[in-house]
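What follows is a set of notes on a single structure, which appears directly below.
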Ligand SMILES: Nc1ncnc2c1ncn2[C@@H]1O[C@H](COP(=O)(O)OP(=O)(O)OP(=O)(O)O)[C@@H](O)[C@H]1O
Ligand SMILES: [Mg+2]
């Protein structure tokens, strides 16, 4: 596109230069001819004054002959006409010629008789230049026309044009080659750097290196340093969360056990009973959170094959898992539809996969109102088994859709519904651990559909 534009502008420049050359060369040649015409006119007038008697006697042929003798040497051809455009005399290559009828351009002669210089260039590059000559009464009574061969001038212009076009052609080729070279030399590393930033944004850190010393090389080195720092920082953060979770695990178990004990042992004071119940609930919630955090940190540490997997019918696993949440749906007045679909064998860890499916279904129920419908079904697509869970709940806005899969992110409309914001990030990690994906489609106020996609065995 850019190249086309530069070639086009070049073409415009060349055409204008070409026109300018034409124009200025004609101006030059006109000037030369006019000087010649002035000289001829002077000589003609001299002849007229010398032959005043013949003029008065109307012996114009005589006068013309005399004028031809004077003028014939300086140009290729001379013609003399009278006021009625009649050819009075003709001399070619310095020789006066009688009885010849040469090619005449009447427009030229008519124009000259009106008192102007006039010229025409014939196809064989002969220039016919007509000059008005006044008699003693200042009337334009004669026309002196000379013919010059200007083909040398056309040859010269052609040569100039040839040089111009050859130069421009060479220039365009050079420009094209150099811009291609520049484009290749700059866009390729920029694409490489773009790819690096994209994988950084997915938290995949890899070495970024460009073997060059210019700004792009420096940028690559800067990106590389940034990647290392980010990766270290994230690693540190994960380690920290993991350590804290571990430290919390034992005291939490104790708190949970004691509060359970207190709650069960108290059957007199209702106020105390309510407080103990609250304690049990909160310690349950904290235990769940700590367990989820520990699960995430186990994922972070485990390599690609760090987790056991076995051949599993996803359709059966999903239907079984969903049945466990029916009571929760019923209690909220939500109609839960479970469609099992044909067997779909995948390679997963059953405990983790049930956990992921239950988590997504739990969201669907949690973020939907009574009287709505939640459905779960397993489909088999090309090379893929898909668990689809859809609801008619509050939905997620488009700008938050990608963020809800981040750890601890809760969408702005989650509001009163309790939660830690870890559920979906765990589901995503579980799906990805077994070579799958988690996709979410949602419309605010209309509902959400989550797809857990796994490669078929
Ligand atoms: N089906 C859904 N409908 C509407 N919003 C949803 C749905 N599923 C998830 N969300 C939004 O995504 C956010 C993240 O979900 P996620 O399951 O990770 O966390 P959570 O449900 O808030 O807490 P928990 O860790 O207890 O699951 C939720 O806070 C909610 O705003
Ligand atoms: Mg959740």
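Each reported figure results from applying straightforward, stated rules to the coordinates on display, with no laboratory input. Note that this is a predicted model, so its numbers are computed, not measured. Every residue, glycine as well, gets a Cβ built from its backbone with ideal geometry; the counts of neighbours run over all protein chains shown.
By its C-alpha gyration tensor, with a ≥ b ≥ c as the square roots of the eigenvalues, how is the stretch 262-355 shaped: rounded for a/c under 1.5, else prolate for a/b larger than b/c, else oblate? It is oblate, given that a/c is not under 1.5 and a/b is not larger than b/c. Averaged over residues, the count of other Cβ atoms within 10 Å places the peptides 402-413, 261-272 in the sequence 402-413, 261-272, highest first. Between the Cα long axis of helix 215-265 and the first principal axis of the chain there is an angle of about 20°, rounded to the nearest 10.
To the nearest ten degrees, helix 151-201 and the longest principal axis of the Cα atoms of the chain are 10 degrees apart.
From its DSSP helices (H runs of at least four residues, each -39,500 (n - 2.57)), the chain gives a residue-normalised ellipticity at 222 nm of -19500 deg cm²/dmol. Counting pairwise Cα distances across the stretch 215-301, what percent come out greater than 16 angstrom? The proportion of pairs with Cα distances above 16 Å equals 65 percent. The simple Förster model, with R0 at 30 Å and r as the Cβ-Cβ distance, assigns residue 409 and residue 267 a FRET efficiency of 0.10. Label-to-label distance, residue 310 versus residue 382, with points set 7 angstrom from Cα along the beta-carbon direction: 3.3 nm. Each semi-axis of the equivalent ellipsoid for the chain is √(5λ) with λ an eigenvalue of the Cα gyration tensor; in descending order they amount to 108, 25, 20 Å.
Mind jotting down the distance between the C-alpha centroids of the stretch 170-238 and the stretch 21-41, whole Å? First find each Cα centre; the distance between them is then 64 Å. Against the chain, whose longest principal axis is taken from its Cα atoms, helix 314-323 shows a tilt of about 60°. If R0 is taken as 60 Å, the Cβ-Cβ distance between residue 188 and residue 57 corresponds to a FRET efficiency of 0.05. When peptides 140-147, 54-61, 421-428 are sorted by average Cβ neighbour count within 10 Å, with the highest value leading, the order is 140-147, 421-428, 54-61. Under the classification rounded if a/c is under 1.5, otherwise prolate if a/b is larger than b/c and oblate if not, where does the stretch 231-388 fall, given a ≥ b ≥ c as square roots of the Cα gyration tensor eigenvalues? Here the stretch 231-388 falls in the oblate category. Size of the stretch 310-455: Rg and Dmax of its alpha carbons, in Å, are 14.2, 40. FRET efficiency for the residue 281 to residue 219 pair, using the beta carbon distance and R₀ = 41 Å, is estimated at 0.20.
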